[in-house]
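K.L.:
Sharing a structure here in C-alpha cells format.
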C-alpha cells in the first residue's frame, strides 16, 4: 500500500514537472538599462536643453549680482582705510544686505531648478516606462527587468527600446516647411 502511494505521488510529480517545464521554456525575458535610456534618449536631451534654456536667464542674473557684490567687496577692502567710520558702516551694511539678498535668490533658484528637474524627470521616466511597456507587448515579452545585477547581452533590449524612443522623438519633431511653389515667370 505504501509503495503504491509512493508510485502515485511520483507519477503526479512527473506529470506536474512535464507540464511546468514547457511553460517555463516559453517565458521571454528582457533586460533594460534604464539609466542609459534616461541619459541617451532624445527626450532626455530635449529635457536637459529645455531646462537649461528656462534657467539660463536667472543664472546670468545671479552671476551678475555675484560679480557686482565681489566688485563692491573689493572696493570696500581697497578703500576701507580711507573711509570715515560712517562710510565704512554704510558700506558694510550694503554688503551684508547684498550678500543676504544674493543667498536668498540663490536658494530660491536652486529650489525652483530642483523642483522643475524632478517634474521633468518624472515625465521622462513615465515616457521611458511607456516605451518599454509598448516594446514588451509588441515583442511578446513576459518579463522586463531593469538594472539587473547580471544579464547576458542576449537579454539586453536597451538598444531596441532606445531606437523606439528615437523614432518617437523623430515623429514628434516639427517637420520643416515645404518650399513654396515657384511663382510662374512673367513674360
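K.L.:
Considering only the range 136-160, state which residues are free of Cβ contacts under 8 Å to residues at least 60 places away in the same chain and either under 30 Å from residue 56 (Cα atoms) or part of a helix (DSSP H, G or I) (or both).
P.N.:
Those that are free of Cβ contacts under 8 Å to residues at least 60 places away in the same chain and either under 30 Å from residue 56 (Cα atoms) or part of a helix (DSSP H, G or I) (or both): 137, 138, 159, 160.
K.L.:
Right, here's the next one. Go through 119, 61, 77 for me and flag whichever is surrounded by fewer than 12 Cβ atoms within 10 Å (Cβ to Cβ) and in a helix (DSSP H, G or I).
P.N.:
Step by step, each of 119, 61, 77 is checked, and only 77 is surrounded by fewer than 12 Cβ atoms within 10 Å (Cβ to Cβ) and in a helix (DSSP H, G or I).
The numbers here are math on the coordinates, done by the rules we state, and not lab data. Everything quoted here is computed from the prediction, not taken from an experiment. Neighbour counts are summed over all protein chains in view; Cβ atoms, including those assigned to glycine, are modelled from backbone coordinates with ideal geometry.
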